[in-house]
Structures are given as C-alpha cells and as structure tokens.
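Single-structure report; data block below.
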Amino acid sequence: MSRAVVLVGNPARPYSRALRIGRTLIAAGYDVEIAATWQADAPEREHDGAIAINRYRPIGRFAGFSARYQPPDRARSAAGSRLARIVRTQRARVVSWALWPHTVRGWWAALGRDLPPADLYHACGLLALPPALAARNRDRRAGRRSSVIYDVIDITLESNAALALPRLVRALLALRERRWARAADARVAVNDAFADRARARWGLAERPTVVPNYPQPWSPPPAAPDLIRDELGLSGDVRICLFWGRLGPNLGLAETAEAVVTVPSAAMVVLGFGRGWDASVARDRDPRFADRHFTLPARHPDELPAWIASADVALIALPPVSFNQRYTTPNKFLEAMMAGTPIVLGPDLPTMAEILEREDLGRVAGSMAPADIGRAIKTILDLPNEERHAWRSRIAETARTRYTWPRAAATYREVVAALRPPPG
C-alpha cells in the first residue's frame, strides 16, 4: 500500500484540516500518518480511525526550545541589574530571529531521524515544509519516487506571529521561505486570496490550486441540539455567543467578552485550547463577567457541528492586524455556516465579509470597540424567533449545497493524481 504523511507544525489535538486531508488520502488508497509536534500532556502515539497520529519528541540542540519563544521568567528577570535583563532579552530575540523557526527545528531533527519513508508528503503550512522536503530528498536518493504538496494554510511571514519580527529580518527570512515554497512538487491553498499572494510573493509559474477549508457535511438532528446550556446548566433564556478554536492574543477575545456583557441575557462561551486558555479561565472568575463568560475544553472536529448549532451567535470578531487575519477563511467561519449559526464578524476582513454578505450569513461589526461588537450581536439576537430560525435553516442549506468537503476533496484528489497514479 502507498504511504502518505501529513506533517503538521502543531500537536494536532486534533487539527481538522489534517484529518480531512488524511481521510481523503485513505479513501484514495493510501496508508496515512499525521506527523505532529510533541506536547507533554498528549500521547505520543494514537489513532483517529484509520489515521495514525504520531507526535515526535524534539531532539538535538534545538530540543530545549518550547513551542514558541518565551521571555525569561519573572524570577529570573527580577534578578540582576536592569541592564543585564535587557541584554538577556535582546540576546534571546536575536537568537530567535537568526535561527527562525527555532521552535520547530528540534521536531525537524526528530523527523529526519525517525520518520519512515513515504510516497507522498503533505506539509500543512510553512513550518512543516522543510522536513517534508528533506524526507522527500532522502527517499529519492534511496530510489523512491516521493512527492511533496505544500499546503498554503497561511502566509507565515505575514501572520500575527511574525508581527514582532523587524522588517529587515522578515525580508531575509522571505528569501528562505521563497526557496522552500518553490521546491515543493505541488502547492494548494485554502482560498483565492492566499493563492494569489503566494504566486506573487514566491514568483511561482503556476498559482496554487485552491482546496478550501470546507467542513464535512452535517445535518442537524430532528431535535435542535442544546449541548452548551446542558453542559453549563444554563436556562433556556440565556443566549449563547460562542467562540471556539485556538486561544491567544490578537483574536479579539477581550473585546468580544466586554461586548457580550452589554447584551441582555447573553453569555460568552469559549470552546478552546492553547496559550490563551489561562486568560480565558481567569475571565470566568472575574466578578465583572460573573455568569456571562464560560470556558470549556475544545471538542473533536466531528463533534463540533452540534456544539456550534447549540449557540445563538458565532463570534468571529477578529481584529485585522495582519494580512493573514484579514484574508483568512478559518475553519470556524465555515463550521458556523454548516451548523446554521449566524456570525458576528470583525471589521476589515474582506475575504470572509464578501462571503458573509453574498450568502447572508450574519453581521459585520463597525469596529473592534465592544459597543460596536455588542450592537452587531443584538441585531441577530433581537430578531423574532420565527425569523431567526428560518434564517438559520437557510444558512445551513447554503453550506450543505455549496461549502462541503467532498467538493474540495475532489479538487485535492486531482492534485494528488497529477503527481502520482492512484495506488493499486
């Protein structure tokens, strides 16, 4: 059986796009592994159906770096002179710039030593691309006809994470990014905006093929799900405003929380994971948000539609702080469509706004001010129940007819077939 590896520069706990790609490859006759980064509280080996998920513990001289740059802890910072602290901080920054992406190089080394050969490598994002290229080159030297697909899930050096890099450093790193991108055998992108940007930025002869982040088809059960209120013990008159996914800075979470408390009988619920978890839990305990803010662990992508459908509003009030964030079409946007949950979108997010307005999926906040986000939420919640229910049904029907993964999977299979004949 032919073998495929989907490389993911995060712990994949889980990562919905990798699962969809993996399931599509299994249906095409491949044996599939998701090769993810190691995380202390995650199993090193597990399965999601027929997909093996392996998390590779970093090795080598970069193994000591955490998943992201962390400044010196407070105890260490408090010791020594102010000048010494400044020197330590600046030295750490220079090291991170010079060795970028230093946080995953230990993972790359582990893959170089331990990842078995494969016929196809699918790299989800730039951080997963160098080890995929290295594995392909190793396999080809051994006589195997391996290929790499680079999945442009973002433009990494124009993302939130790159905002702190000096312009000169970004320009130098862009040369490395361009070399890696051009070395792939094929490229796909999650939307047209990223495909166009990738072609222009890397001087590609061909535009990456767009394989959208559409979710798996889902139909609601006869009785509308109410999982969130049941889980939290909330009464039926509490109106649920839901955010889900990765938690961290530059996601509008603080502004959205402030907005929800201005809306009568509304509560913000967060289904999340990541470095913003502690801040979200702290907000649960803040008296200002008493009974108006709740944080729950993330759910598996296969379970998410019913949880999203249990909400009255889907919160995607992202601030337009980077090219990536302005032009992204994240999983949550398309998942909200599939669940039929009206969306409140942040300002100046043109890719999502165009779809939202064309398909009548929700409302756009006038700004990131809590008052403006709150007004957008109210325009949805204040609709008569009958009108709101009919609207939700139309949103879900739109998703089922035009925005489902089988449509995207057909395009992806064509990309794979162009590189390799179907297994068997």
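The values are calculated or read from the model by the stated rules, or taken from the named source; none is laboratory data. The model shown is predicted, which means the values in this text are computed figures rather than measured ones. Neighbour counts are summed over all protein chains in view; Cβ atoms, including those assigned to glycine, are modelled from backbone coordinates with ideal geometry. The area values use the complete protein model at the heavy-atom level, side chains included, leaving out ligands, DNA and RNA. Shrake-Rupley method; radii C 1.70, N 1.55, O 1.52, S 1.80 Å.
How large is log10 I(q)/I(0) at q = 0.27 Å⁻¹ when the Debye formula is applied to the Cα atoms of the range 213-271, each weighted equally and without solvent?
One equal scatterer on each Cα of the range 213-271 leads to -1.15.
Within 10 Å, count the other beta carbons around each residue, average over each peptide in 269-275, 41-47, and list them highest first. Mind dumping the intermediate values first?
Working: 269-275: 20.3, 41-47: 11.0.
In decreasing order of mean packing, 269-275, 41-47 become 269-275, 41-47.
Put +1 on the Cβ of each Lys and Arg and -1 on the Cβ of each Asp and Glu in the chain; which of PRO130, LEU315, THR295 then has its Cα farthest toward the positive end of the dipole?
PRO130
Could you tell me the relative contact order of the chain? Use alpha-carbon pairs under 8 Å, at least six residues apart, and round to a whole percent.
Values: 760 pairs, mean separation 58.9, N = 424.
Reported relative contact order: 14 percent.
So how much slack lies between ARG45 and ASP291, counting 0.36 nm per residue of separation and subtracting their Cα-Cα distance, in nm?
Details: separation 246, 0.36 × 246 = 88.56 nm, distance 3.85 nm.
Fully extending the segment from ARG45 to ASP291 adds 84.7 nm.
Roughly what would the spin-label model give for GLU359 and ARG113, points 7 Å off Cα along C-beta, in nm?
Placing both labels 7 Å beyond Cα along the Cβ direction yields 4.5 nm.
Can you list the residues, at least 5 places off or on another chain, whose amide H is less than 5 Å from the amide H of ILE53, using H built in the peptide plane?
Amide H to amide H, under 5 Å and 5 or more residues apart or across chains, ILE53 pairs with ILE34, GLU46, HIS47, ASP48.
Please quote Rg/Rh for the range 207-355 to two decimal places, taking the Kirkwood radius as Rh and restricting both calculations to Cα atoms. Walk me through the intermediate numbers first.
Details: Rg = 15.2 Å, Rh = 15.9 Å.
For the range 207-355, the value is 0.96.
Taking 0.36 nm per residue of separation and subtracting the Cα-Cα distance, what length does fully extending HIS102 through ARG82 add?
On the way: separation 20, 0.36 × 20 = 7.20 nm, distance 2.65 nm.
So the extension gain works out to 4.5 nm.
If R₀ is 22 angstrom, what is the calculated FRET efficiency for the pair LEU175 and ALA418, using the beta carbon separation as r and rounding to 0.05?
Working: r = 28 Å, r/R0 = 1.29.
Rounded to the nearest 0.05, the efficiency is 0.20.
Determine the dipole magnitude for the chain: charges of +1 sit on the beta-carbon of Lys and Arg, -1 on that of Asp and Glu, nothing else is charged, the reference point is the Cα centre, and the result goes in debye to the nearest 20. Walk me through the numbers on the way to the answer.
Values: 59 positive and 43 negative charges, 498 e Å.
Approximately 2400 debye in magnitude.
If I take every Cα pair under 8 Å that is 6 or more residues apart in the range 213-327, average their sequence separation and divide by the length, what percent do I get for the relative contact order? Working shown, then result.
Values: 154 pairs, mean separation 39.7, N = 115.
Rounded, it is 34 percent for the range 213-327.
Nearest-5 percent of antiparallel DSSP beta bridges in the chain?
Working: 4 of 51 bridges.
Rounded to the nearest five, the antiparallel share is 10 percent.
For the modelled label position 7 Å from the Cα of THR411 along Cα-to-Cβ, which residues of the range 189-207 have backbone nitrogen atoms closer than 15 Å?
Answer for this model: 189-199, 207.
Can you give the charge dipole size of the range 292-381 about its Cα centre, rounded to the nearest 20 debye, using +1 on the beta carbon of Lys and Arg and -1 on the beta carbon of Asp and Glu? Can you show the working numbers first?
On the way: 8 positive and 10 negative charges, 61 e Å.
Magnitude of the dipole: close to 300 debye.
If you roll a 1.4 Å probe over the range 204-355 with all protein chains in place, what percent of the accessible area is carbon or sulfur?
Values: 3060 of 5770 Å².
Accessible surface attributable to carbon and sulfur in the range 204-355 totals 53 percent.
Given the -39500 (n - 2.57) contribution per DSSP H run of 4+ residues, what per-residue ellipticity at 222 nm results for the chain, rounded to the nearest 500 deg cm²/dmol? Intermediate values should be presented prior to the final figure.
Numbers: 17 runs with 186 residues, N = 424.
Result for the chain, helices only: -13500 deg cm²/dmol.
Restricting things to alpha carbons, find the Rg to Rh ratio for the chain using the Kirkwood radius for Rh.
Computed over Cα atoms, the ratio is 0.97.
If you plug each phi of the range 217-224 into the Karplus form 6.51 cos²θ - 1.76 cosθ + 1.60 with θ = phi - 60°, what whole-Hz ³J(HN,Hα) values come out, in order, with x for Gly and Pro?
x, 8, 10, x, x, x, 8, 4
Pick out which of ALA63, ALA257, ALA171 has the largest mean-square fluctuation in a Gaussian network model of the chain, springs linking Cα atoms closer than 10 Å.
The residue that fluctuates most here is ALA171.
With a 10 Å cut-off between alpha carbons and a GNM built on the chain, which of LEU111, LEU381, LEU234 moves the most?
LEU234
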